[in-house]
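Novice: What follows is a single structure, and I will ask about it in a moment.
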Amino acid sequence: MNLSYIYIVGQPDPSSDVLSIIRRLGYKAGILIDSKLSLKNPEEYDRVVTVEYDNLDEELLRLDTLDLNIAGLLCTYENYIVAKAKLGEHFKVPAPSLLSAKLATDKSLMRQAFLDADRSISPDFTTADSLEEVLTFAREHAYPLILKPTNLVKSLLVLRSNDEAELIENFTYAQESILALYEKYHIYERAPQLIVEEFIVGKQCSIAAFVDADGTPHFCDGVVALTNAQDINVSDNYLYRRGLPMTVDANLTAKMFDVAEKGIRALQMRSVPAHVELMYTENDVKIIEIGARIGGYRPRMYKYSYGLNLTEQEIRLALGQTPELQGTFQNYCAVYELFPEKEGEFTEVIGEENTDAFTYYRVTAKPGKQVGPAKNGYKASVIIIVVQDNQEKFDELCAAVDRLKVVVA
């Protein structure tokens, strides 16, 4: 085995097979674990180094003395991407620049970069530091409007406002809630901030890419169809369903990839995965956001659907290599996240009779645990993955998921 290490930055993904892949490729597996976290099963790693990420600039001097022998860096969670950029620059291994990392992890900076590159690919926005600023923007744009935090992931605190009264209520709620969420999810070196932006009309989808050291994006086959809560008549903003592959007109598909590439280049991305979320109509495509990471469910989805190992491709980028994305369609795949429509103590999931037919079924909520909508800062109560090579059977299983409901007291 090579004596060089590939290190996970900050926090491991418990669902990932990254350690076995690192070793299969001939490297040792290490982790630069966040000092605020406890690491389960540290014996699984060849080296564990604790890092104070809220004081990383000074920590770099200490890390210099440890003979880390870094060959590459991997990062699954968005709140450690800036740290990965700093570590990469300091230890001279492939990583995004610090500027690019900040653009990719701050929705205000990201939106401005998109607008500077091509105003047609992004909705208008402004920072929402005060109610006066929010209402001024609202007077110049049509409702509905979207409030969102600049540095949180998934749909945490993403709020839709259909009129001025709702906008005032949502802004007040967001201001009261945002600091606690930044602390809970370890958002370092960023002050809690909101933006308000135009609501984008259309359907959602996402594209997976890997950007090489020269800044050239390499795209995976297949577009992921995204169904959000509002598409199923729920007043929330989480992604209910992710489905692969999506059937799209060839001309529209080409435009999606063109807009995705414009966005990736606007963020000056390099040596990093890119998870591109888009909103589209028959004639228009706009970027919702781009994450400098693979994304939580995409490794499993692309492995099931195309036989692609996305984690291995991220490792290739971390070593300065070009990704290999040739795959063959094998299965239809859908991932679901279920939330209750209101806050309360979790009691049960109605309609669970056929869960053995699902490829993956996990109730993350415990009886009596407080759960609620994503817009109120909660994560999913139930996660389900459906995989089938037969379209008809796949549709039947998806219909069974649609009948499930999370019940709270």
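Novice: Being closer than 23 Å to residue 286 by Cβ and among the hydrophobic types (A, V, I, L, M, F, W, C) is the filter here, so list the residues in region 123-137 that pass it.
Specialist: Listed by number, the residues that qualify are 125, 128, 134, 137.
Novice: Of all residues in region 1-24, which are free of Cβ contacts under 8 Å to residues at least 40 places away in the same chain and among the aliphatic types (A, V, I, L, M)?
Specialist: Initially, region 1-24 is screened for residues free of Cβ contacts under 8 Å to residues at least 40 places away in the same chain, giving 1, 14, 19-20, 23-24.
Selection gives 1, 19.
Novice: Something else now. Scanning region 135-152 for residues that are within 24 Å of residue 290 (Cα to Cα) and among the β-branched types (Val, Ile, Thr), which turns out surrounded by the most Cβ atoms within 10 Å (Cβ to Cβ)?
Specialist: The extreme case among them is 150.
Novice: Answer with yes or no whether residue 155 is surrounded by fewer than 16 Cβ atoms within 10 Å (Cβ to Cβ) and either under 20 Å from residue 228 (Cα atoms) or of a type in the set (Gly, Ala, Ser) (or both). Walk me through it before giving the result.
Specialist: Numbers: surrounded by fewer than 16 Cβ atoms within 10 Å (Cβ to Cβ): no; either under 20 Å from residue 228 (Cα atoms) or of a type in the set (Gly, Ala, Ser) (or both): yes.
So residue 155 fails the test.
Novice: Next up: Is there a residue in region 223-241 that is of a type in the set (A, V, I, L, M), outside any strand (DSSP E or B), under 21 Å from residue 78 (Cα atoms) and modelled with pLDDT of 95 or more?
Specialist: Checked region 223-241: no residue is of a type in the set (A, V, I, L, M), outside any strand (DSSP E or B), under 21 Å from residue 78 (Cα atoms) and modelled with pLDDT of 95 or more.
Novice: Residues of region 202-254 being in contact with an Asp or Glu (Cβ under 9 Å, 6 or more places away or on another chain), farther than 23 Å from residue 385 by Cβ and aliphatic (A, V, I, L, M), which ones?
Specialist: 252
Novice: Would you point out the residue of region 158-188, among those that are of a type in the set (Asp, Glu) and more than 21 Å from residue 291 (Cα to Cα), that is surrounded by the most Cβ atoms within 10 Å (Cβ to Cβ)?
Specialist: This residue is 166.
Novice: Just to check your reading of the model, which residue among 160, 111, 190 is of a type in the set (Lys, Arg) and in a loop (DSSP other than H, G, I, E, B)? Break it down into steps so the answer makes sense when it comes.
Specialist: Numbers: 160 fails: in a loop (DSSP other than H, G, I, E, B); 111 fails: in a loop (DSSP other than H, G, I, E, B).
Answer to the check: 190.
Novice: From the list 209, 254, 180, 142, which one is part of a strand (DSSP E or B) and either modelled with pLDDT of 95 or more or of a type outside the set (Asp, Glu) (or both)?
Specialist: Working: 254 fails: part of a strand (DSSP E or B); 180 fails: part of a strand (DSSP E or B); 142 fails: part of a strand (DSSP E or B).
On inspection, the qualifying residue turns out to be 209.
Novice: Quick check: is even one residue across region 297-308 surrounded by 17 or more Cβ atoms within 10 Å (Cβ to Cβ), touching an Asp or Glu at 6+ places or on another chain (Cβ under 8 Å) and among the polar types (S, T, N, Q)?
Specialist: Within region 297-308, not a single residue is surrounded by 17 or more Cβ atoms within 10 Å (Cβ to Cβ), touching an Asp or Glu at 6+ places or on another chain (Cβ under 8 Å) and among the polar types (S, T, N, Q).
Novice: Failed condition for residue 311, given (1) part of a helix (DSSP H, G or I); (2) over 30 Å from residue 377 (Cα atoms); (3) hydroxyl-bearing (Ser, Thr, Tyr), with all others met?
Specialist: Among (1) part of a helix (DSSP H, G or I); (2) over 30 Å from residue 377 (Cα atoms); (3) hydroxyl-bearing (Ser, Thr, Tyr), the lone unmet condition for residue 311 is (2).
Novice: Now for a separate question. It is to be established whether one or more residues within region 369-377 are without any contact (Cβ under 8 Å) to a residue 12 or more places away in the chain, assigned to a loop (DSSP other than H, G, I, E, B) and in the same structural domain as residue 333 (by TED's automatic domain parsing). It would help to see each step written out before you state the result.
Specialist: So in region 369-377, the residues without any contact (Cβ under 8 Å) to a residue 12 or more places away in the chain come out as none.
No: region 369-377 contains no residue that is without any contact (Cβ under 8 Å) to a residue 12 or more places away in the chain, assigned to a loop (DSSP other than H, G, I, E, B) and in the same structural domain as residue 333 (by TED's automatic domain parsing).
Novice: What is the residue count in region 193-238 for residues that are over 15 Å from the mean Cα position of the chain (by Cα), surrounded by 21 or more Cβ atoms within 10 Å (Cβ to Cβ) and within 25 Å of residue 177 (Cβ to Cβ)?
Specialist: 6
Novice: Also: Of the residues 15, 35, 100, which single one is in contact with a helix residue (DSSP H, G or I) (Cβ under 8 Å, 6 or more places away or on another chain), modelled with pLDDT under 95 and not assigned by TED's automatic domain parsing to the domain that holds residue 275?
Specialist: The conditions single out 15.
Novice: Return the residue satisfying two criteria in turn: it lies in region 17-62 and is acidic (Asp, Glu) and surrounded by 12 or more Cβ atoms within 10 Å (Cβ to Cβ), and of such residues it is nearest to residue 297 (Cα to Cα).
Specialist: Across region 17-62, the extreme among qualifying residues is 17.
Novice: Taking region 61-77 as the region of interest, how many residues are in a loop (DSSP other than H, G, I, E, B) and of a type outside the set (A, V, I, L, M)? Show your work before the answer.
Specialist: Going residue by residue through region 61-77, those that are in a loop (DSSP other than H, G, I, E, B) are 67-69, 75-77.
Still in the list and also of a type outside the set (A, V, I, L, M): 67, 69, 75-77.
The qualifying residues number 5.
Novice: Could you please find all residues in region 257-272 being assigned to a helix (DSSP H, G or I) and surrounded by fewer than 21 Cβ atoms within 10 Å (Cβ to Cβ)?
Specialist: First pass over region 257-272, keeping only residues assigned to a helix (DSSP H, G or I): 257-266.
Of everything in region 257-272, those that are assigned to a helix (DSSP H, G or I) and surrounded by fewer than 21 Cβ atoms within 10 Å (Cβ to Cβ) turn out to be 257, 258, 261, 262, 265.
Novice: A further question follows. For region 25-79, give me each residue that is free of Cβ contacts under 8 Å to residues at least 60 places away in the same chain and touching a His at 6+ places or on another chain (Cβ under 7 Å).
Specialist: Answer for region 25-79, where residues must be free of Cβ contacts under 8 Å to residues at least 60 places away in the same chain and touching a His at 6+ places or on another chain (Cβ under 7 Å): just 60.
Novice: Being within 7 Å of residue 10 (Cβ to Cβ) and surrounded by fewer than 24 Cβ atoms within 10 Å (Cβ to Cβ) is the filter here; which residues of region 68-78 pass it?
Specialist: The answer is 77, and nothing else.
Novice: Also, quick follow-up: Could you look through region 347-368, keep only residues that are among the β-branched types (Val, Ile, Thr) and part of a loop (DSSP other than H, G, I, E, B), and pick out the one that is nearest to residue 153 (Cα to Cα)?
Specialist: Out of the qualifying residues, it is 364.
Novice: Of everything in region 88-105 that's out of contact with any Leu (no Cβ under 7 Å at 6 or more places or on another chain) and surrounded by 19 or more Cβ atoms within 10 Å (Cβ to Cβ), which residue is farthest from residue 287 (Cα to Cα)?
Specialist: 96
The values are calculated or read from the model by the stated rules, or taken from the named source; none is laboratory data. Keep in mind that this is a model prediction, so the values were computed, not measured. All Cβ positions, even for glycine, are placed from backbone atoms using ideal geometry, and neighbour counts span all protein chains on display.
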